[in-house]
Each structure stands twice: as C-alpha cells, then as structure tokens.
C-alpha cells in the first residue's frame with residue numbers, strides 16, 4: 001500500500017489532530033503518501049482532498065478541533081453514495097482509509113470496506129459511548145473542561161447560596177455526566193441509563209444536605225435525559241426552586257465542552273491509535289476498529305464492535321450515589 005487517506009467525521013473532539021498527526025507521521029515512516037479528506041465523508045463525495053506531510057502536521061498536536069474539518073453526512077447511508085466514494089478514492093490513488101469518529105462513522109467505514117476500500121476506524125468522540133473501547137479520543141479533555149467550568153460556576157453559586165442545574169453533553173450516554181459529577185462533588189447526578197425520581201433523588205437530597213449546613217448545590221444532568229423524558233434543565237431547576245425555596249439556575253455548557261487543547265492522555269492515546277491504524281492498513285487489514293482495553297491498544301472487526309452492548313459502570317454509579325449524600 002503506497003497511498004492512504006484520513007478523515008474525521010461527526011462531532012469534533014479534542015485529540016483528533018493528534019490522531020491525524022500520528023497517522024501522517026507513521027505513514028511517512030513507512031514510505032506511504034497521505035491524503036487528508038476534508039469535511040469527513042462529504043469530502044469523499046466531493047473529492048475535497050489535500051496532501052498531508054511531515055511539515056504540515058508538525059504543529060497540530062496541541063490544537064483542539066480538527067485540521068481537516070469534520071461534518072455529518074446523512075446521505076452516506078445510501079449505497080450509491082458509498083460506491084461513489086470508493087470510486088473517487090481509487091481514482092485519486094487512495095488505497096486505504098483511516099476514519100476517526102463515533103459509531104455512525106464506524107458504519108460508514110464498514111460500508112467502504114465492504115465495497116472494496118480497505119478502511120480502519122478509530123474512536124473519536126467526547127461521549128465515550130463506543131462499545132468496544134474503554135476510552136475514546138476527547139473524553140479526558142472534555143471531562144477536564146467540564147470540571148473547570150463547573151468549578152468556576154461553584155464560586156458564584158456559593159457566594160449567593162444557590163443551586164445550579166448543569167446540562168452536560170451525552171445524548172445517549174451518561175459517562176461524561178457521571179464522571180464529571182463525581183469530580184465536581186455534585187449533590188445529584190441524573191443520567192439516561194438510570195431511571196430517577198426527582199423527589200427522592202434530587203429534592204430530598206438537597207434538603208437533607210441543606211440540613212447539615214451546606215448552602216449551595218450542584219445537580220449534573222446528561223442531555224440525554226431531555227431526549228428520553230422530554231424534560232429540560234430549566235424545568236428541573238424550576239421544580240427544585242419551588243419545592244426547596246432555594247434560588248436555582250439552569251446552565252447548559254453546550255459546545256464549550258468540545259473545545260480546548262487536548263490533555264496529555266488524549267494526545268498519547270490518539271497517537272497510539274493513529275499509529276496502530278496505519279500498521280493495520282500496511283498489513284493488509286480492513287474493516288477493523290482500533291480500541292483501548294486497559295493500557296493496551298487492540299483491534300476488532302467493525303461488525304463485532306457495533307454489536308457489542310455497553311452499559312453504565314454500576315460500581316462507579318453506586319460510588320457516586322454514596323459519596324453525594
């Protein structure tokens with residue numbers, strides 16, 4: 001294999017640039033050319049390609065976002081789009097592809113592999129909701145960003161004896177919210193995987209904690225709760241204020257969580273995964289996803305990875321419930 005492509009797909013996450021850099025530098029070490037596909041799968045369809053080399057990736061490891069841009073491409077679910085992408089890649093001499101993104105991106109990588117373009121996927125998402133891997137690129141940085149933002153928020157709510165209801169990203173998974181909730185010492189944590197009773201799990205905990213002398217409270221809520229139950233953080237905040245008498249504000253952290261310079265852990269993990277992905281292509285592998293298992297970097301068949309079921313860490317959840325009393 002002499003020439004490969006790399007793309008980032010779906011929502012951006014800190015560490016994607018470190019992954020792209022590792023792909024390019026490993027390929028150069030193995031005497032392979034690299035093409036950056038801009039704007040994800042959309043770029044494959046429009047032939048939006050740029051040359052990547054040792055020089056133009058030398059100052060991106062510390063940058064958030066993605067140098068080669070990202071986008072969601074709903075049309076890529078159609079067979080005709082995948083066939084066109086394979087044709088465009090081959091016409092431009094691209095013999096293999098590395099895809100960095102979430103499980104939707106993995107499905108695109110699987111389809112490309114099935115239609116003749118060897119493709120390796122890497123998990124890049126702040127949500128850490130990819131089933132086959134313990135760790136996704138961007139998760140650690142995002143956690144640290146949430147912790148910093150909520151610590152700042154705590155300064156003001158403590159000064160005014162308020163309660164703050166904070167919405168954290170995670171449309172389908174509560175990993176960010178659970179870990180961040182523990183890190184910031186939240187009074188209550190609400191995630192989509194676990195049913196909750198606002199009276200028992202939130203209101204009563206606030207009143208019980210208030211009785212011990214505490215004057216400020218943080219409630220962490222995954223955005224997936226809004227999608228599951230149709231209830232917003234503003235509605236939760238209003239109910240808390242009505243039933244406790246404590247002034248309560250809602251805060252949606254939003255896309256601030258995605259940005260920022262990647263942490264050391266994200267830079268190192270992204271570099272390891274990028275290196276592994278290129279070696280898999282060089283060895284003639286396809287339809288594989290690179291994953292982290294403990295401290296090891298491993299790989300799985302994409303179909304197998306997509307069929308795995310990921311559940312919340314109940315030991316961690318129970319820990320959070322016990323120490324938030």
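Observations on the structure shown:
- If you go through the stretch 215-233 and keep only what is out of contact with any helix residue (DSSP H, G or I) (no Cβ under 9 Å at 6 or more places or on another chain) and either under 25 Å from residue 323 (Cβ atoms) or free of Cβ contacts under 8 Å to residues at least 40 places away in the same chain (or both), you end up with 228, 229, 230.
- The one condition in (1) out of contact with any strand residue (DSSP E or B) (no Cβ under 6 Å at 6 or more places or on another chain); (2) without any contact (Cβ under 8 Å) to a residue 60 or more places away in the chain that residue 14 fails to fulfil: (2)
- Single residue of the stretch 165-199 satisfying the filter (assigned to a loop (DSSP other than H, G, I, E, B), free of Cβ contacts under 8 Å to residues at least 60 places away in the same chain and in contact with a strand residue (DSSP E or B) (Cβ under 6 Å, 6 or more places away or on another chain)) that is surrounded by the most Cβ atoms within 10 Å (Cβ to Cβ): 170
- Going through (1) part of a helix (DSSP H, G or I); (2) buried (at least 17 other Cβ atoms within 10 Å of the Cβ); (3) more than 18 Å from the chain's Cα centre (by Cα); (4) not assigned by TED's automatic domain parsing to the domain that holds residue 27 one by one, residue 250 falls short only on (1).
- Any hit, the stretch 23-38, residues being in contact with a helix residue (DSSP H, G or I) (Cβ under 9 Å, 6 or more places away or on another chain), in contact (Cβ under 8 Å) with a residue 12 or more places away in the chain, more than 26 Å from residue 283 (Cα to Cα) and surrounded by 16 or more Cβ atoms within 10 Å (Cβ to Cβ): no
- Members of the stretch 79-109 found to be in contact with a helix residue (DSSP H, G or I) (Cβ under 8 Å, 6 or more places away or on another chain), closer than 26 Å to residue 283 by Cβ and either outside the structural domain of residue 122 (by TED's automatic domain parsing) or without any contact (Cβ under 8 Å) to a residue 60 or more places away in the chain (or both), listed by number: 82, 85, 86, 88
- Residue among 286, 271 that is more than 22 Å from residue 144 (Cβ to Cβ), assigned by TED's automatic domain parsing to the domain that holds residue 29 and in contact (Cβ under 8 Å) with a residue 12 or more places away in the chain: 286
- Given (1) touching a strand residue (DSSP E or B) at 6+ places or on another chain (Cβ under 7 Å); (2) modelled with pLDDT of 95 or more; (3) in a helix (DSSP H, G or I), number of the condition residue 117 does not satisfy: (3)
- Scan of the stretch 53-78 for residues that are touching a residue at least 60 places away in the same chain (Cβ under 8 Å) and either surrounded by 13 or more Cβ atoms within 10 Å (Cβ to Cβ) or not in a loop (DSSP other than H, G, I, E, B) (or both), ordered by number: 61, 63, 64, 65, 68, 69, 70, 71, 72, 73
- Looking across the stretch 204-224 at every residue that is assigned to a helix (DSSP H, G or I) and in contact with a strand residue (DSSP E or B) (Cβ under 9 Å, 6 or more places away or on another chain), the one that is farthest from residue 155 (Cα to Cα) is identified as 223.
- Residue match in the stretch 58-67 (condition: more than 30 Å from residue 145 (Cα to Cα), at pLDDT below 95 and in the same structural domain as residue 8 (by TED's automatic domain parsing)): no
- Checked against the criterion of being out of contact with any strand residue (DSSP E or B) (no Cβ under 8 Å at 6 or more places or on another chain) and more than 30 Å from residue 31 (Cβ to Cβ), the candidates 235, 257 yield just one match: 235.
- Taking the stretch 2-41 as the range and being over 19 Å from the mean Cα position of the chain (by Cα) and at positive phi as the test, only 31 passes.
- Condition check for residue 219: assigned by TED's automatic domain parsing to the domain that holds residue 172, over 18 Å from residue 173 (Cβ atoms) and buried (at least 17 other Cβ atoms within 10 Å of the Cβ): yes
- Residues that are surrounded by fewer than 24 Cβ atoms within 10 Å (Cβ to Cβ), more than 11 Å from the chain's Cα centre (by Cα) and farther than 29 Å from residue 185 by Cβ do not occur anywhere in the stretch 133-145.
The values are calculated or read from the model by the stated rules, or taken from the named source; none is laboratory data. Source: prediction; values computed, not measured. Please note: Cβ atoms are built from the backbone with ideal geometry, for glycine as well, and neighbour counts cover all protein chains shown.
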